[in-house]
Every structure is written in structure tokens, then in C-alpha cells.
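Note sheet for the following structure.
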Amino acid sequence: MTKHIAIIGGGYTGAAVAIQLSRQARNAHRISVVEPRETVGAGLAYSTSDPDHRLNAPDMVHFLTPDDQQHLRRWFEEQGGARYDAEAETADGALFIRRGDFGRFVAEQFAAHQNVNPSESSINHLRDRAIDIEQSGAMFRIALDSGHSLTADLVVVATSNEKPSIPKPFASSVAAHPAFHANPWHLPSIEGIPIDARLLFVGTALTAADLIVTRLRLGHRAPIIAMSRRGLRSTRRTTAASTFTGPFWDRIVRETSLFVAKHGRHEGLHDLINALRIEIQAAEARGEPWQAPFDDLRDSVWQVWPALPLAEKRRFMRHLRPWYDVHRFRLPPQVETKLDLAIGRGQLRYKAAHILSATSNGGGITVEYRDRFSDAVHTEDFGAVINCTGPEPRPDRTENPFMQALISRGLARVHPVGVGFDVDDTSAAVDANGGSNPRLRMFGPLTIGQFGDPQGTPFILSHICTQMPEIVKILEDN
Ligand SMILES: Cc1cc2nc3c(=O)[nH]c(=O)nc-3n(C[C@H](O)[C@H](O)[C@H](O)COP(=O)(O)OP(=O)(O)OC[C@H]3O[C@@H](n4cnc5c(N)ncnc54)[C@H](O)[C@@H]3O)c2cc1C
């Protein structure tokens, strides 16, 4: 019997759910993807039109179906390869494709499945925004911004990355100041900053790196400071031979993950980090890069994280996440080279400091900060401040009405770790009373509390592919 599945959010995650469902279902179903953007597939991460914003990992980890992990490379060649994008290929033959192009690739695969798919399901893009959800018996009713509504047998939540919250020193004083850029992904306002404005990036990771490079390409002349408490800059990709051989997928869907196979399951962060340190020292003694053992851990997080007690997970989020993130999310080499040049000529500086206050000085913003190492307090004027503190991880603190509704209706709750939604190990939402709902599934970065690192595309896809047979069973056996 035909069922109706509503997917809320049509970025990479929503597109991948629709594609996998249409491929794995035995019967034809009605699949609706609710997404306000023009196409389904790009989402926030891959809708940038900036030619300097590139994937942060090579082509072979960005795919939509595990049986064709070379698809993106072929697609790139079809576009014209180096003639189409001369900067994409690095010296070792890896492709770091522009993020906007990857968004187009995903949108094309989604459209191809709308035209034809193995289960002959219908796949519709509803260009709208979900604002409310209620469950009545076995059915869901979803209210849309346009005033229309949907009823669905099963709902998948894939709303993911929300704009960053405004850090405290800026929140009350300059949040509405024209020189304060609260949303780093609103490219027109970043492009509109005058080239002689002293720039402060609050945050030193990949989003800051993206936008620094954007400003440099636009001919930015004034000094640029990127500041965070620890001043940690995203790390580099190894230039040694690849840290693994064989298809990436095989590393992340093993029965026992690589790190667990070597070290067993740790219940304490201390032992876990120690095991990693020993591995890294041994690798470096053999002349191998730290990235190889680190990647074994990254590709095992889905098994390592659930074994940690809640208190250890919270400790990780409070203290270790910034270190994990800068080692895990690496700069595309093209971006790294441009940053290095700006550092070399003294235009760009990274600073570890605690921001104390921010006040308007008319056209710009005066920022007072304490240097992490010298403890000295400094005051500096900036022509623009850009908030690059990362997507807001708590759904209840976002302005997204649909996420708010999931919580206020009791259908979902924030994960006890304090980030993302609470889901069980099948990605089913856990409700306000602690019961899991197999007809309300969540995939992608929203499930970070449960899975630890469901952020990169292959990890998102592995969760979707693992759960899809069960989702199909629920739909077709009832
Ligand atoms: C700037 C950035 C760059 C990244 N680069 C990479 C990379 O190079 N490689 C990699 O593997 N990972 C990268 N990531 C990680 C990224 O989160 C995942 O790879 C993946 O793109 C997540 O896709 P998504 O669809 O879950 O989220 P998103 O891309 O955030 O898309 C979510 C979609 O949901 C829609 N939505 C939100 N609320 C509603 C609502 N109420 N109703 C309807 N629709 C709604 C939004 O419009 C949006 O299109 C990046 C993340 C960011 C933020």
C-alpha cells in the first residue's frame, strides 16, 4: 500500500533520504521533501555561490550511493574537469570540488530520482517551510508557512544547520549594528563590507577560513584578525600518501570499527585519548602522519561515542570538542594556501583571546578582549565583525519554528548531552517521556548527541543506509 513520507529539510541529508527510500522500497510511495530553497540537495552547506568555498574533504568521500563512490569524480570530468575548475585538483590527484558544484551534483541526482527510481515512488519538492507538527494516532499533520498542511505516515527530520547564536558580548550591545554580521552564511552582506574595514572574525575554524578567503579575493586591504578562546586554526590535510586504501565506505560500515578493533571500547575519555596519543606517537616514529591514527578514530566515532558514559560525553563537549573539531575538519589545500599567504604578508593574524565587551563607535565596533597567554586586556576598533562561532547546536535555542514545535508538542527533546535532538540508536526521535517513535526519524548533524560525529556526508549516508531497511519494513508491513 502506498504511504506518504514527509522529509522536512532538503539539503544533502533530505535528498539522500529521498533517494535511498526510493531505491530500497518494494512498493511505490509518495515522498514529499519540504524545502524552501529553489532546489533539493544543496541545503545550507552546499548552496554557496562563492568559487573559493570548497569541500573540506576529497571527492571520494562525497557520494550519494555507496555502490558508486567515484560518481562525483566522473561528474566533475563531465563538466570539463580542469577546464571547468582549474584549481580543484591537488598535486596528489585528489579533487576538492567547489561546494556550490557539489550542491548542484546532489540536486541533479535528486532530480534524476524524481524522474525514475526503482520503486516507482513519486518524489515531490514542496517549496515551503514546515512550522508545526502534531501526531494523531499513526498520522502526522505538518503545518507549512504557506498556510497549507500535509498529513504523513512517517516523518524524517533533516533540518540540520542553523545559524550561529550571537556570543554574549555582542548580543545586547551590537546585535543590530550594521557592522555586526550575525549570519556568516549571508554572502551578500559579507561581500558588501568595504575593503578598507579592519575585520574581526569571531571564530577561527572552517567558516572563518571560507570568508577570509572570500574577502581576500575581493581585494580586502585592511588587517584581518580571527579570534577564538583557544585561537585554534583548522589543521592541514596530510601531504603524505593517503591515510587509507580501499573504498572509504568500507571503513565506516564495518561490524567492528577500526579503533574499537584495535583498542576495545573505552568508558573514559582519559584512556581513549591516551590510546590515540600512543597510536600517533607510534605512527610518527614510523614516519607516518598523525592524520592516519586520528582518521581511524574519526571513522569509528559511531561506535566509540555510544560506549562513553553521559558525564564523559558532556566533558568532551565542554573541553575537548574544539580540539577534536580542528583536527577533524581540515582546510581544503586551496584555502590553506591563500590563508598562509595572507599570514605571511602580515595581513591576517590568529589570536587566542576572551572577548569581554563590544560597543558601537558610530560606523564600527570597539572590542575589548583579554589575551589568553599574556592576560593583557586590549581594545581595538573594527569596521566589521563576523560571527563564525558555528551552527547553534541546541534545537531549542534556534529560531526554527519546526524544531521548536517538535519540542513544545512533546514529540522530541534535546539530547541529554545538550546538543542536537535525542534519538535512539535507530535514529528514531525520543519524545518528552523518553519513548522512541519509529515513525519520526532524524538524520544528519541533528543527531550529534547520540552518534558523536554524524556531520560529514559519508557518515550521514551510512546512518541513512543502515536504518532504511527498517524504515521500509515499518512502512510496508503495517
Ligand atoms: C558551511 C558548511 C560547510 C560544510 N562542508 C562540508 C564538506 O565539505 N563536506 C562534508 O562532508 N560536510 C560538510 N559540512 C557538514 C554538513 O553539515 C553535512 O555535510 C551536510 O551537508 C548536512 O546536510 P543537511 O541536509 O543535513 O543540512 P543543511 O545543509 O543544513 O540543510 C538543511 C536544510 O533544511 C532546510 N530547513 C531548515 N528548517 C526547515 C523547515 N522548518 N522546513 C523546511 N526546510 C527546512 C534548510 O533550508 C536547509 O536547506 C559542512 C557544513 C557547513 C555548515
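Residue by residue, here is whether (1) more than 21 Å from F329 (Cβ to Cβ); (2) of a type in the set (S, T, N, Q); (3) at pLDDT 95 or above holds:
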position: P58; (1), (2), (3): no, no, no
position: Q79; (1), (2), (3): yes, yes, yes
position: A86; (1), (2), (3): yes, no, yes
position: R99; (1), (2), (3): no, no, yes
position: S122; (1), (2), (3): yes, yes, yes
position: I131; (1), (2), (3): yes, no, yes
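Residue by residue, here is whether (1) touching a His at 6+ places or on another chain (Cβ under 8 Å); (2) touching a residue at least 24 places away in the same chain (Cβ under 8 Å); (3) open to solvent by 30 Å² or more (accessible area, probe 1.4 Å) holds:
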residue	(1), (2), (3)
A342	no, yes, no
R372	yes, yes, yes
D381	no, yes, yes
G390	no, yes, no
R394	no, yes, yes
L411	no, yes, no
G420	no, yes, no
>> Could you tell me how many of the residues in the range 47-71 are within 11 Å of the ligand (Cβ to nearest atom) and either among the hydrophobic types (A, V, I, L, M, F, W, C) or open to solvent by less than 30 Å² (accessible area, probe 1.4 Å) (or both)?
In response: 11
> For the range 10-19, does any single residue satisfy the condition of being in contact (Cβ under 8 Å) with a residue 60 or more places away in the chain and assigned to a loop (DSSP other than H, G, I, E, B)?
Replying inline: yes
> Which number in (1) open to solvent by less than 20 Å² (accessible area, probe 1.4 Å); (2) touching a Leu at 6+ places or on another chain (Cβ under 8 Å) marks the one condition that D295 misses?
Replying inline: (2)
> Counting only residues that are assigned to a helix (DSSP H, G or I) and either in the same structural domain as E336 (by TED's automatic domain parsing) or touching a residue at least 40 places away in the same chain (Cβ under 8 Å) (or both), which one in the range 24-73 is farthest from A158 (Cα to Cα)?
Replying inline: M60
> Looking at S136, is it crowded, with 21+ Cβ neighbours inside 10 Å, over 16 Å from G43 (Cα atoms) and away from the ligand (no atom under 14 Å from the Cβ)?
Replying inline: no
> Here is a list of conditions, (1) on the phi > 0 side of the Ramachandran plot; (2) not in a loop (DSSP other than H, G, I, E, B), and H354 meets all of them except one; can you say which number that is?
Replying inline: (1)
> Given the conditions (1) surrounded by 14 or more Cβ atoms within 10 Å (Cβ to Cβ); (2) more than 16 Å from the ligand (Cβ to nearest atom), and given that E120 satisfies all but one, which numbered condition is not satisfied?
Replying inline: (1)
> When V213 is evaluated against the numbered criteria (1) buried (at least 20 other Cβ atoms within 10 Å of the Cβ); (2) at pLDDT 95 or above; (3) aliphatic (A, V, I, L, M); (4) farther than 21 Å from T90 by Cα, which criterion, by number, is the only one it fails?
Replying inline: (4)
> Mind checking whether some residue in the range 252-260 is open to solvent by 20 Å² or more (accessible area, probe 1.4 Å), hydrophobic (A, V, I, L, M, F, W, C) and in contact with a Pro (Cβ under 7 Å, 6 or more places away or on another chain)?
Replying inline: no
> Does S189 satisfy being without any contact (Cβ under 8 Å) to a residue 12 or more places away in the chain and surrounded by fewer than 22 Cβ atoms within 10 Å (Cβ to Cβ)?
Replying inline: yes
> So which of D250, D271 ends up being outside any loop (DSSP other than H, G, I, E, B), modelled with pLDDT of 90 or more and within 22 Å of H463 (Cβ to Cβ)?
Replying inline: D250
> Could we say that R314 is charged (D, E, K, R) and part of a loop (DSSP other than H, G, I, E, B) here?
Replying inline: no
>> Return the pair list, or none, for Cβ contacts closer than 6 Å from residues in the range 459-478 that are closer than 12 Å to S427 by Cβ to residues that are assigned to a helix (DSSP H, G or I) and more than 16 Å from the ligand (Cβ to nearest atom), at least 6 apart or on different chains.
In response: M468/Q24
>> Going residue by residue through the range 412-432, is there one that turns out to be in contact with a helix residue (DSSP H, G or I) (Cβ under 8 Å, 6 or more places away or on another chain), of a type in the set (A, V, I, L, M), within 16 Å of the ligand (Cβ to nearest atom) and over 30 Å from L55 (Cα atoms)?
In response: yes
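The values are calculated or read from the model by the stated rules, or taken from the named source; none is laboratory data. All of these numbers come straight from a predicted model, not from anything done at the bench. FYI the Cβ positions are ideal-geometry reconstructions off the backbone, even for glycines, and counts take in every protein chain you see. The area values use the complete protein model at the heavy-atom level, side chains included, leaving out ligands, DNA and RNA. Shrake-Rupley method; radii C 1.70, N 1.55, O 1.52, S 1.80 Å.
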